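This report concerns only the one structure given below.
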Amino acid sequence: MEEMEELFELHESEGIYIDIGTQVYIDIDGVDFTVTSIFIGLLKNEFLIVTLPRRFRSVKNKLYPGSKMVVKYLYDGCVFAFQTSVIEIITNPIRTLALEYPKIVQQRELRIIKRNNVVIPGRVEAKKTEFPIVIFDISKNGCRFTYHDVKNITTLKEGDLLRIYCRFPGIADETGALAIVRNVKREQKQISVGTKFQDMTRAFLNPLMHFLFSIEGFER
């Protein structure tokens, strides 16, 4: 995998931008994998509260008051990251972590994300027709999909506008994005189409970003 420094351009943010219920990714000192938690709330300049991480039993011996960690999360298509440490582990009445309020928060503007080989079923609406597709290559900028070359499906060509719908793993609802066709290739009885996303909404961008990071992983 490419290093995070190659994927992102860092600059200091003005503060914490995060919604209640946001999934956060936590790198705990001494743990060689990333765990996830849910952000619950904060008291500015005092503390943050998140749920106890998934796989808590696997990291329990590394979580104690003073243990250090890096927290990352997605907000509005950007990655935010900060260093913090545990204030307290709370198990009653709810299971949460109280974390120190960070002194510095970094906003990581996405510069490029390499394309990822995936298999995501979906559908396309184009030229008043609809047909099933399989997305096999995707990034923040666009995707490539295939569909069967049959007579009742309109042939796509470069410059066509279409809308792509899919369900990302772990997301219950279908979400869609407008895209423009960049190239079309005929491969035996299938057609392969490369597209570039246009005017992505937050409803599509956020699950896309979470999906990309779930398959790429995080670097410390």
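For region 179-188, the set of residues classified as surrounded by fewer than 17 Cβ atoms within 10 Å (Cβ to Cβ) and either within 15 Å of Phe131 (Cα to Cα) or modelled with pLDDT of 90 or more (or both) consists of Ile180, Arg182, Asn183, Val184, Lys185, listed by residue number. Residues in region 59-79 that are over 14 Å from Asp27 (Cβ atoms) and in contact (Cβ under 8 Å) with a residue 24 or more places away in the chain: Tyr64, Pro65, Leu74, Tyr75, Asp76, Gly77, Cys78.
Hey, among the residues in region 189-201 that are within 18 Å of Val150 (Cβ to Cβ) and aliphatic (A, V, I, L, M), which one's surrounded by the most Cβ atoms within 10 Å (Cβ to Cβ)? Going through the qualifying residues, I end up with Val193.
Within region 184-210, the set of residues being in a loop (DSSP other than H, G, I, E, B) and on the phi < 0 side of the Ramachandran plot comprises Lys189, Met200, Thr201.
A quick yes/no check of all residues on (1) on the phi < 0 side of the Ramachandran plot; (2) among the aromatic types (Phe, Trp, Tyr); (3) modelled with pLDDT under 95:
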{"position": "Asn45", "(1), (2), (3)": "no, no, yes"}
{"position": "Val59", "(1), (2), (3)": "yes, no, yes"}
{"position": "Leu63", "(1), (2), (3)": "yes, no, yes"}
{"position": "Leu74", "(1), (2), (3)": "yes, no, yes"}
{"position": "Cys78", "(1), (2), (3)": "yes, no, yes"}
{"position": "Val86", "(1), (2), (3)": "yes, no, no"}
{"position": "Arg95", "(1), (2), (3)": "yes, no, yes"}
{"position": "Ile104", "(1), (2), (3)": "yes, no, yes"}
{"position": "Val119", "(1), (2), (3)": "yes, no, yes"}
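The values are calculated or read from the model by the stated rules, or taken from the named source; none is laboratory data. Given the structure is predicted, the values throughout are model-derived calculations rather than measurements. Neighbour counts run over all protein chains shown; Cβ positions are idealised from the backbone, glycine included.
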